[in-house]
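J.: There's a structure below that I have some questions on.
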Amino acid sequence: MEQMSSLSSQVSIQTCGAVIVDLVERICSKFRVTSLDRQISACKTLFTESPDIDIAILGQFKAGKSSFINNLIGRDVLPVGVIPVTTVITRLHYGPREKAVITYFDGKTSQIELEAVDEYISELKNQANKKNVEVVDIELPSLEAYRGLRFVDTPGLGSVFKYNTEISEDWLPEVGCALVAISSDRPLSENDLNLIRELMDYTPRVVLLLSKVDLLSEEQQHEVVRFFKETLKREFNKDFQILTYSTVKKTQLYRHRLDKLLFSLSTNRDAEFRGISHHKIRSLARMCISYLDIALKTSMQNDADRQSLKDLILDERVSSELIEGELNLIAGENKHNTRTFIADYLEATQRAPLTQRLLSKLSSEMPTWKGNLWKLTRRYEEWLMETLTEEIDSVSKAQYKHFFGSLKKAQSSIVRSVALFRTVLDSNVEKVLGAKLNSPDWVIEVSEPSQPDVAFTKVFDFHLDLLWFLFPMVIFRGLFEKHFLKGIPRIAVIHISRLAYQWEVRINKTIDDIKDQALDYVRSELSTIDALLSQTTGQGDNIKAMLRDLEYNLAKLDGTATISIVEGSPGIATSARQPWFIKNNSKTNKIGIQMRTDKNTEEDTFL
């Protein structure tokens, strides 16, 4: 009996967590629940990787994430700029010597010099992650004070573009502690709130980092912090820690406040890691339990009743054909408007200034060119290539945010459509079965359109420059210079049009990608619900056992599943859902745990 009374204390937290994750994985495999794959994978890494706590710095583009990390480590390692610059997820932690390791999507790794890091993580030098980098790990001796912590810089969630599979939101299940960077020069947005809401499923510690506070006075800082606290309290009914930071003024003061949080995490790493692990595993288990509740309720119905329930839940409002038609319509309408939207903007704001800049530069440089007509023409073509590449690239990078009208509209409409689908499906399940779904939110993954290239038209309608020996430049140079200048407006129109076309192709492909992801999500959810409604015949007892196993192991994880000796009874173990009793089996002389599932049935599990 003494052995039994100490049973729960002998089960380690890690073992208990692993049991839960393994159980959830088997349940999901049995009932074809694919929507929890990401969470399962993240939880499994808790038992295989070193217990460093990931401090993820997340937030919208231009929230100052990379600048903050550079300031924290005392040197400029991560690229910063006025356009989205972080291409891949970058992790920084303590190491005895400086080291940077690149991990590629094919699993290969390579070690590089720290100075070469931006060749792999900078958007300018690794456009759209063409080098197929999965993650970059950087070790720095300067992070010794933060042993046990790993700082993670992610692509900006609000930059419209996200990369491959290791994008910020797809990485959320890995987060141990989240610092949500919000720039003080803009208000708390709906995107910020949605990010915080999703983070709360994956980490027990979400801290807001109000950056660039040097732009505000002390009074304004207090006002903004108060507004944030009130907004967050209203949205989540929870108090959040809010830290202020500036890389320009009073940095040491702000750093001291931040270090209190970081040192606490580092000093109490094991306890913090257990708390983080518990949070992730509980969240995963709750999601799985919500699916099992559906399976249990349908398993008790006969075939006719089960089909009726299925018809009520999967009604025409959540039909995949209806959703697909709606999403195709949204994508088609917005794709149709993309070219006009971009071309009109460029024509109204960029064509004339581009023409004037080209004329001015050409007029300034052309007098310095020497040689005959052939040499003059070659120099002109070289100048066009260099100058137009620079100018068109500059226009593209400076004005890109104005090109996304159709993309943002399509994304917003598709998100609303999927949210409505989710609301209707959840409502149907609750109305018909009385069960509430706790499924993961849909996450959009978007690949960035690569920057357009530059091409040229003929300088002459035929190769007049080959007859250079017929045109003495002393006499004809002025005519040819005028010809070059005269062609500039047409060249500007052509390249502005090409820029519009190339962005149209890339943006429309992105719209299609978003639509396809939405359809995959809808089909996955419908397939999961359909499987739970169709494949549970006669499995009620098995499902009950799965629920009991999950909830009892959750209770053990929380330390509330205890077995004690009670006078007049062999013993009682408490769990979240059902009472457990210790019982002797006289036939086998084994001690077992007995669960009373209701007034009339008992199940014995003998050890």
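The values are calculated or read from the model by the stated rules, or taken from the named source; none is laboratory data. Predicted model only: the values in this text are computed from it and were never measured. Cβ placement follows ideal geometry from the backbone for every residue including glycine, while neighbour counts extend to all protein chains displayed.
J.: Hey, among the residues in the stretch 201-217 that are closer than 25 Å to Leu284 by Cβ and modelled with pLDDT of 85 or more, which one's surrounded by the fewest Cβ atoms within 10 Å (Cβ to Cβ)?
T.: Val207
J.: Then there is this: Being surrounded by 15 or more Cβ atoms within 10 Å (Cβ to Cβ) and polar (S, T, N, Q) is the filter here, so list the residues in the stretch 291-318 that pass it.
T.: Thr298, Ser299, Gln301 - these are the residues of the stretch 291-318 that are surrounded by 15 or more Cβ atoms within 10 Å (Cβ to Cβ) and polar (S, T, N, Q).
J.: Would you point out the residue of the stretch 1-23, among those that are closer than 30 Å to Glu525 by Cβ and aliphatic (A, V, I, L, M), that is modelled with the lowest pLDDT?
T.: Residue satisfying both the conditions and the ranking: Ala18.
J.: Here's another thing I want to ask about it. Mind listing just one residue for me: the one in the stretch 407-436 that is of a type in the set (Gly, Ala, Ser) and over 15 Å from Leu327 (Cβ atoms) and, of those, surrounded by the fewest Cβ atoms within 10 Å (Cβ to Cβ)?
T.: Checking each candidate, the answer is Gly434.
J.: If you don't mind, there's one more thing I want to ask. Looking at (1) within 28 Å of the chain's Cα centre (by Cα); (2) under 27 Å from Lys335 (Cα atoms), which is the one condition that is false for Ile392?
T.: Among (1) within 28 Å of the chain's Cα centre (by Cα); (2) under 27 Å from Lys335 (Cα atoms), Ile392 violates only (1).
J.: Quick check on this structure: which one of Glu198, Glu235 is modelled with pLDDT of 85 or more and either loosely packed, with under 14 Cβ neighbours inside 10 Å or part of a helix (DSSP H, G or I) (or both)?
T.: Details: Glu198 fails: modelled with pLDDT of 85 or more.
Glu235 is the lone residue from the list that is modelled with pLDDT of 85 or more and either loosely packed, with under 14 Cβ neighbours inside 10 Å or part of a helix (DSSP H, G or I) (or both).
J.: Mind listing just one residue for me: the one in the stretch 319-354 that is closer than 29 Å to Val493 by Cβ, surrounded by 15 or more Cβ atoms within 10 Å (Cβ to Cβ) and among the β-branched types (Val, Ile, Thr) and, of those, farthest from the chain's Cα centre (by Cα)?
T.: Here the residue is Ile342.
J.: From the residues in the stretch 98-144 that are in contact (Cβ under 8 Å) with a residue 24 or more places away in the chain and among the hydroxyl-bearing types (Ser, Thr, Tyr), which one is nearest to Phe263 (Cα to Cα)?
T.: By that ranking, first place goes to Ser142.
J.: Do the conditions hold for Lys587, that is, is it more than 30 Å from Ile342 (Cβ to Cβ) and modelled with pLDDT under 85?
T.: It is true that Lys587 is more than 30 Å from Ile342 (Cβ to Cβ) and modelled with pLDDT under 85.
J.: Can you go through Gln241, Gln220 and tell me which one is modelled with pLDDT of 80 or more and more than 25 Å from the chain's Cα centre (by Cα)?
T.: None of the other options fit; the residue is Gln220.
J.: When you go through Arg26, Arg38 one by one, which is the residue that is at pLDDT 70 or above, charged (D, E, K, R) and touching a Pro at 6+ places or on another chain (Cβ under 9 Å)?
T.: Going through Arg26, Arg38 in turn, just one is at pLDDT 70 or above, charged (D, E, K, R) and touching a Pro at 6+ places or on another chain (Cβ under 9 Å): Arg38.
J.: I'd like to check something: does the stretch 265-285 contain any residue that is assigned to a helix (DSSP H, G or I), crowded, with 18+ Cβ neighbours inside 10 Å, of a type in the set (A, V, I, L, M) and in contact with a strand residue (DSSP E or B) (Cβ under 6 Å, 6 or more places away or on another chain)?
T.: Yes: one or more hits.
J.: Return only the number of the condition from (1) farther than 23 Å from Asp54 by Cα; (2) in a helix (DSSP H, G or I); (3) not basic (Lys, Arg) that Tyr254 does not satisfy.
T.: (1)
J.: To continue, here is another question. What pairs come out if I take residues in the stretch 390-407 that are over 15 Å from Arg506 (Cβ atoms) and pair them with residues that are assigned to a helix (DSSP H, G or I) and of a type in the set (D, E, K, R) whose C-beta lies under 7 Å away, six or more apart or interchain?
T.: So the pair list comes out as Glu391/Arg357.
Conditions tested, residue by residue: (1) among the polar types (S, T, N, Q); (2) at pLDDT below 75.
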residue	(1), (2)
Leu46	no, yes
Asp52	no, yes
Ile55	no, no
Gln60	yes, yes
Ser67	yes, no
Gly74	no, no
Val80	no, yes
Ile83	no, yes
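J.: For Arg32, which of the numbered conditions (1) surrounded by fewer than 18 Cβ atoms within 10 Å (Cβ to Cβ); (2) modelled with pLDDT of 65 or more; (3) assigned to a helix (DSSP H, G or I) fails to hold?
T.: So Arg32 meets the others, but not (3).
J.: Across the stretch 371-389, which residue is surrounded by the most Cβ atoms within 10 Å (Cβ to Cβ) among those that are of a type in the set (S, T, N, Q) and touching a Leu at 6+ places or on another chain (Cβ under 9 Å)?
T.: Residues of the stretch 371-389 that are of a type in the set (S, T, N, Q), as a first pass: 372, 377, 387, 389.
Remaining after also requiring touching a Leu at 6+ places or on another chain (Cβ under 9 Å): 377, 387.
Values: Thr377: 21, Thr387: 16.
Here the answer is Thr377.
J.: On to the next question. Name the residues in the stretch 95-133 that are modelled with pLDDT of 80 or more, buried (at least 16 other Cβ atoms within 10 Å of the Cβ) and assigned to a strand (DSSP E or B), would you?
T.: Result: Ala100, Ile102, Thr103, Val133.
J.: To continue, here is another question. Scan the stretch 304-322 for residues that are closer than 14 Å to Asn428 by Cβ and in contact with a Leu (Cβ under 8 Å, 6 or more places away or on another chain) and report the count.
T.: Here the count works out to 6.
J.: To continue, here is another question. Residue by residue through the stretch 191-219, note down the ones that are over 19 Å from Tyr245 (Cβ atoms) and without any contact (Cβ under 8 Å) to a residue 24 or more places away in the chain.
T.: Asn194
J.: In addition: Name the residues in the stretch 308-330 that are under 28 Å from Val24 (Cβ atoms), assigned to a helix (DSSP H, G or I) and not small (Gly, Ala, Ser), would you? Explain how you work it out, then say what you get.
T.: Step one: of the stretch 308-330, the residues under 28 Å from Val24 (Cβ atoms) are 309-310, 312-314, 318, 320, 323.
Within this subset, residues satisfying the condition of being assigned to a helix (DSSP H, G or I) are 309-310, 312-313, 318, 320, 323.
The answer is Leu309, Lys310, Leu312, Ile313, Val318, Ile323.
J.: Does Arg477 satisfy the condition of being among the charged types (D, E, K, R), at pLDDT below 85 and either closer than 29 Å to Thr340 by Cα or part of a loop (DSSP other than H, G, I, E, B) (or both)?
T.: In short, no.
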